[in-house]
1. Please determine, by comparing only the residues of region 355-376 that are under 21 Å from the mean Cα position of the chain (by Cα) and in a loop (DSSP other than H, G, I, E, B), which one is farthest from residue 475 (Cα to Cα).
2. Name the helices (runs of 4 or more DSSP H) wholly within region 508-610 that hold at least 2 residues that are in contact (Cβ under 8 Å) with a residue 24 or more places away in the chain and closer than 20 Å to residue 446 by Cα?
3. Select from region 333-354 the residues that are part of a helix (DSSP H, G or I) and within 21 Å of the chain's Cα centre (by Cα) and list them in ascending order.
4. Answer yes or no as to whether residue 284 is over 17 Å from the mean Cα position of the chain (by Cα), assigned to a strand (DSSP E or B), on the phi < 0 side of the Ramachandran plot and surrounded by fewer than 23 Cβ atoms within 10 Å (Cβ to Cβ).
5. Inspect region 484-495 for any residue being under 29 Å from residue 582 (Cβ atoms), crowded, with 17+ Cβ neighbours inside 10 Å and touching a residue at least 12 places away in the same chain (Cβ under 8 Å) and give the result as yes or no.
6. Out of all the residues in region 177-190, is one or more surrounded by 20 or more Cβ atoms within 10 Å (Cβ to Cβ), in contact with a strand residue (DSSP E or B) (Cβ under 6 Å, 6 or more places away or on another chain), at pLDDT 90 or above and in a loop (DSSP other than H, G, I, E, B)?
7. Name every residue in region 90-113 that is touching a strand residue (DSSP E or B) at 6+ places or on another chain (Cβ under 6 Å) and under 18 Å from residue 55 (Cα atoms), in order of residue number.
8. Determine whether residue 205 is touching a residue at least 12 places away in the same chain (Cβ under 8 Å) and surrounded by fewer than 20 Cβ atoms within 10 Å (Cβ to Cβ).
């Protein structure tokens, strides 16, 4: 079978040799192999190269050592180079390559190769090649450092509590090849502020002239800051500001990440610093450490207190991690709306099916629109899951479900052995899929519900409920499709920006199809598909059976009558083929005329032959 590439790439070959590994006899280590594996998986999945498949043979790369699930030999070409690997074709056309089996074929013999060799042969714009090389090189270096210096790769993490587990999950994105890219971070920055190291640090505070800020705080501002920071810290900051010639009549507080705070002048704040519009106050208050998302910090001093989301002017997993100003101070209004919908919904309240971690306060630095510093200062306060659990309950980041521990067994292995794979999966799907599906079909609201944004509450491994977090930027709805359109928030009352933008540029979408695409991408293709593959590989539950459970639960939901059949049908989630986002293609072309790339895959949940 030959899969043609539908994407036309510029026929350019330019690649800096300065970053290439040199020397004969090169042998890739585990970090090289993982990046190469995920890069090739993305190339094949997004149809960026042509490839042929054949049944695995004894001569397939790694065939004698690979798990039987990798039953397909894949041959593909990049420019004039020929490569081969051992793979499995998984749900939603995801490609899974056996680690260490990607080889270059030279004179009919398997040969190790440098990632730079593959990149040089690709027919992509020179800027894309350079960016890819830089991002993938840093990913390899940081992943290699983590493996050499952290215990998380050597000791199972099953007994860790939620806060510790947030730092101990070092694997990063299971699909994106730039899973450790932190463009702007040095190795020292990675060690100091990366989530993996678990180092704690204080927030730095700046006082900012009120005419440059938009705020969305609950109640009185002074009372808010005293409650969040503690009276002693608030008093110290007030005294420090007074020493520097300011007061809280003219200025308001903005916490900043210490990495961001150390270079404010270099980041474009020189004029604001010189004019006195911005006054650095220094570090103060509780200690924090980074969560999986890096820019969201959890309170190490008081874990029950708010998670703090701060902008970081770095590129992480191919996205710049600033805080888009117009989506900061609307976060509390959005949260209030969503929380009220959940609270007033009998279906969701029955059994406490869905819990939201509210983003209840925000501050955004908003200078003139054309200033480069927009989005570089700000904060969103989000509720912590700690302190919101019932007796006997525990919480884990949903990403834990796809982990394989240092003992060679999945993180969830004991749970599966206790409850049985089929029974546990039925409960997982009921707990995870149905509430998010209900929000989509009943309320008309789609979330970016990928694994990093979900928390699973369980009791001794038995799923209890799903918790959703981090929805201030990527919540979508079509106004006419809202289940309760009269409740739609007036976002323009917080920020006039929302009076002028077209559909698809904010929370409002033009087509219901956009909602389906966000749901399918984040819940199925780049989330539960990883769980289903792990269960087949390690616990013998065929992926087909996993997705049969999903289909059965969706059918039972439809049969319950809680939502009109016409609304469910309008989502068309069982189409034979669906569109998914092309994450690697987006990385290659970042900064071009488009900011979204997509390709078509077969829908595992379709009842029709594609």
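The values are calculated or read from the model by the stated rules, or taken from the named source; none is laboratory data. Remember, predicted model here, so these are calculated numbers, not experimental data. Backbone-built Cβ (ideal geometry, glycine too); neighbour counts: all protein chains shown.
1. Looking at the filtered set, the residue picked out is 376.
2. Details: elements: 512-519, 529-539, 543-560, 565-571, 583-588.
Qualifying helices (runs of 4 or more DSSP H): 512-519, 543-560, 565-571.
3. Keep residues of region 333-354 that are part of a helix (DSSP H, G or I), which gives 333-343, 346-349.
Result: 334, 335, 338.
4. Numbers: over 17 Å from the mean Cα position of the chain (by Cα): yes; assigned to a strand (DSSP E or B): yes; on the phi < 0 side of the Ramachandran plot: yes; surrounded by fewer than 23 Cβ atoms within 10 Å (Cβ to Cβ): yes.
Yes: the conditions hold for residue 284.
5. Of all residues in region 484-495, those under 29 Å from residue 582 (Cβ atoms) come to none.
Among the residues of region 484-495, not one is under 29 Å from residue 582 (Cβ atoms), crowded, with 17+ Cβ neighbours inside 10 Å and touching a residue at least 12 places away in the same chain (Cβ under 8 Å), which makes the answer no.
6. No, because not a single residue in region 177-190 is surrounded by 20 or more Cβ atoms within 10 Å (Cβ to Cβ), in contact with a strand residue (DSSP E or B) (Cβ under 6 Å, 6 or more places away or on another chain), at pLDDT 90 or above and in a loop (DSSP other than H, G, I, E, B).
7. As a first pass, look at region 90-113 and keep what is touching a strand residue (DSSP E or B) at 6+ places or on another chain (Cβ under 6 Å): 90, 92-93, 95-98, 101-105, 110-111, 113.
90, 93, 95, 96, 97, 98, 101, 102, 103, 105, 110, listed by residue number.
8. Details: touching a residue at least 12 places away in the same chain (Cβ under 8 Å): yes; surrounded by fewer than 20 Cβ atoms within 10 Å (Cβ to Cβ): no.
Here the answer is no, as residue 205 does not meet what is asked.
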